[in-house]
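Below: the structure, in C-alpha cells.
The values are calculated or read from the model by the stated rules, or taken from the named source; none is laboratory data. Here the structure is a predicted model, which is why all the values come from computation and not from measurement. A quick note on method: Cβ atoms are made from the backbone with ideal geometry, for glycine too, and the neighbour counts reach across all protein chains shown.
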Amino acid sequence: MHPVMFELFGYPVHTYAAMMASGFVVGIFLAARYGERVGFHKDLTLDLLWWILVSGLVGSRIAFIVVNWEQYYYPCVDVEHFNQLFPDKTITEPDCTRLLRFWNGGLVFYGGVIGSILTMIWFLRREKVSFLPMADVIIPSLALGQFFGRLGCLAAGCCWGKPTDVSWAIQFPARSMVWKQHVEEGVIQATAEHSHLIHPTQLYDSLVGLGLFCLLIWLRQRKRYHGQVFITWMLIYPLARSTIELFRGDDAERGFLFRVVSEPLNQLLGLPPGSVTFLSTSQFISLCVVAAAAALLIRNRRKGGPRGPAPGEDYGG
C-alpha cells in the first residue's frame, strides 16, 4: 500500500490518480494510432476518446456515489447523522467536496464502462460512423486501463480481498481500510500492525486486464467481422469479474442486489464461512453484459456474420 507516490511543490501526487492517468494516456495513444491505421480520421478518434475520458470518470464516480450514497449525502446535509453512521470518519462541519475527490479512490469500473458506451453511441451517431468497428479499436485500451487502474487500487488500499492463507496472500498496514474492517469484525486485535492475510483481488483484476489486452490485440489483427473484438471482451471480462467478486472482501463498500451465501462454494474456494457469494451489483451488471454480447452474436449470425474491413477502407469522420 503506497497511496502517495511523491510530493510536487508541497502537494501529494496520489498513486491511484497517477495510475489512472497512465492508463488513459497509454490507452488513448494506442487507440488513436491503430484507428488511423484502419481508416478512422485521427481527429475523430481523439475527439471521441476525450469524451470517453470525461464520461468514463463521471460515470464511474456517479456509480460509486449511488452505491455508497450515505457517505456522500449526509456529510453534505446532516453531519450529526453521518457521524452516527460512521463513527470512525467523524467530521465537524459539512463537507460536500468529497463528491469530487475521486483521486482518493471511489470509482466503479462498470459505471465508467456504461458512461463511455453511451457516449460512444451518441458521438458516433452524430458523426454517422458505425459503432462496432470503432468499438474494436478502443476496447483493448479499456482492458489496458483496467490493468493500470487496479494497480492504483492496490496502492490506495481499496477493493481488497477476503481473508485467506494462500501463499500469495498480502497484508495491509494498520489504519488501512481493510485493517479497520478486520478489527471491527474481530479478525485481528486493535494492536495488530497489519491486517489479516487477504486475497490480492486488485492484482487478480489487474492481471485479467493485461491478459485481455494481449488477447484483444492479437484478435484485432485476425477478426472476421466488425464487433468481434468488442464482443470477446463482453464475454470474457464479466465472467472473470464475477469470479473475482467471490474473493472480494470489501462488502460494505460494494452494492448488493441481494445476498446469497453458499457454504459449499466457500469451502471449495477456501473462503471464510458466511462469505457472501451472490449477487453484487457488479455481478448483476456482468450478467447483463454477457446477455448483451449474446444478443449481438445472434444478430450477427442472422445477418450472415458481417465481414471485417477491406484493406484501405476509410470509415470517414
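Per the listing Ala240, Ala295, the residue uniquely of a type in the set (Gly, Ala, Ser) and more than 16 Å from the chain's Cα centre (by Cα) is Ala295.
Within the stretch 213-240, being closer than 30 Å to Ser176 by Cα and either in contact with a strand residue (DSSP E or B) (Cβ under 8 Å, 6 or more places away or on another chain) or in contact (Cβ under 8 Å) with a residue 60 or more places away in the chain (or both) holds for one residue alone: Tyr237.
When the residues of the stretch 50-64 are filtered to those that are of a type in the set (Val, Ile, Thr) and surrounded by fewer than 19 Cβ atoms within 10 Å (Cβ to Cβ), which remaining residue is nearest to Phe131 (Cα to Cα)? Within the stretch 50-64, the match that is nearest to Phe131 (Cα to Cα) is Val54. Here Gly112 meets each of (1) part of a helix (DSSP H, G or I); (2) at pLDDT 95 or above with one exception, condition (2). Among the residues of the stretch 35-49, the ones that are hydrophobic (A, V, I, L, M, F, W, C), under 23 Å from the mean Cα position of the chain (by Cα) and under 16 Å from Ile121 (Cβ atoms) come to 2 in all. Here is the figure for the stretch 251-306: residues that are outside any strand (DSSP E or B), charged (D, E, K, R) and surrounded by fewer than 17 Cβ atoms within 10 Å (Cβ to Cβ) total 6. Just one of the listed residues (His199, His182) is over 21 Å from Arg241 (Cα atoms) and surrounded by 16 or more Cβ atoms within 10 Å (Cβ to Cβ), namely His182. The residues on offer are Asp43, Asp47, Asp136, and the sole one that is at negative phi, among the charged types (D, E, K, R) and crowded, with 23+ Cβ neighbours inside 10 Å is Asp136. As for the stretch 77-99, it holds no residue that is under 30 Å from Ser22 (Cβ atoms), at pLDDT below 80 and outside any helix (DSSP H, G or I).
One residue alone among Arg150, Arg126 is without any contact (Cβ under 8 Å) to a residue 60 or more places away in the chain, out of contact with any helix residue (DSSP H, G or I) (no Cβ under 7 Å at 6 or more places or on another chain) and in a helix (DSSP H, G or I), and that residue is Arg126.
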